[in-house]
1. Please verify whether K40 is within 13 Å of ligand 2 (Cβ to nearest atom) and in contact with a helix residue (DSSP H, G or I) (Cβ under 9 Å, 6 or more places away or on another chain), treating the condition exactly as stated.
2. Can you name the residue in region 83-99 that is crowded, with 21+ Cβ neighbours inside 10 Å and closer than 15 Å to L62 by Cβ and is also farthest from ligand 2 (Cβ to nearest atom) among such residues?
3. Is there any pair linking a residue in region 49-69 that is closer than 17 Å to L86 by Cα and within 16 Å of ligand 1 (Cβ to nearest atom) to one that is in a helix (DSSP H, G or I) and hydrophobic (A, V, I, L, M, F, W, C), with Cβ under 7 Å and at least six apart or on different chains, and which?
4. Starting from region 81-95, take each residue that is part of a loop (DSSP other than H, G, I, E, B) and list its partners that are within 16 Å of ligand 1 (Cβ to nearest atom), counting only C-beta distances under 6 angstrom and pairs at least six apart or across chains.
5. Taking region 27-48 only, how many residues are more than 16 Å from ligand 1 (Cβ to nearest atom) and either touching a residue at least 24 places away in the same chain (Cβ under 8 Å) or within 12 Å of the chain's Cα centre (by Cα) (or both)?
6. Answer yes or no: is there a residue in region 29-43 that is among the small types (G, A, S), under 29 Å from K121 (Cβ atoms) and outside any loop (DSSP other than H, G, I, E, B).
7. When you look at F79, is it within 15 Å of ligand 2 (Cβ to nearest atom) and closer than 19 Å to D105 by Cα, yes or no?
8. Would it be correct to say that M24 is of a type in the set (A, V, I, L, M), assigned to a helix (DSSP H, G or I) and more than 16 Å from the chain's Cα centre (by Cα)?
Amino acid sequence: MKEKLKKVYYCDYCKKKMFVKSAMEKHELCCTANINRHCKMCDLMGAENDIKDIIQKTEKTLAGKYTLCMDIEDDKKTFDEIFDTLNRCPACMLTVMRHYKIIVDGWDFREAMQKEFDSVKEEEMAYIF
Ligand SMILES: [Zn+2]
Ligand SMILES: [Zn+2]
């Protein structure tokens, strides 16, 4: 039997843990719970978002208003307003929502990301052919 002691690296922002330090460093830099994160999705979409600035601006509308859940149907206007301000980047949207600890009911983050990936791909294809 082999027994090994391994170091575990915990993300400072979310609950993720990893065994590879460099991978954790990369994760922390882009973690959607880190408001100083670097957004790779924005890179891909050609967008630029100042999350801190947006959080400051949405503080009045959002802080404390939705304690746990925001319904995308009932609050579509508020949701779209923030989403538009974020150049409709799903990863940045998730960062803002995580900051306020709001779960958006009826919004699928993975699906939204996939949609963006697909449209970027489509645009690239249109350019190639
Ligand atoms: Zn994290
Ligand atoms: Zn983004």
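Only the coordinates and a few stated rules stand behind these numbers; no lab work does. In this text, all values refer to a predicted model and were calculated from it rather than measured experimentally. Note that we place each Cβ from the backbone using ideal geometry, even for glycine, and neighbour counts take in every protein chain shown.
1. Criteria met by K40.
2. V96
3. Partner pairs satisfying both residue conditions: I51/C92; I51/V96.
4. L86/C92; C89/M41
5. 5
6. no
7. So F79 fails the test.
8. yes
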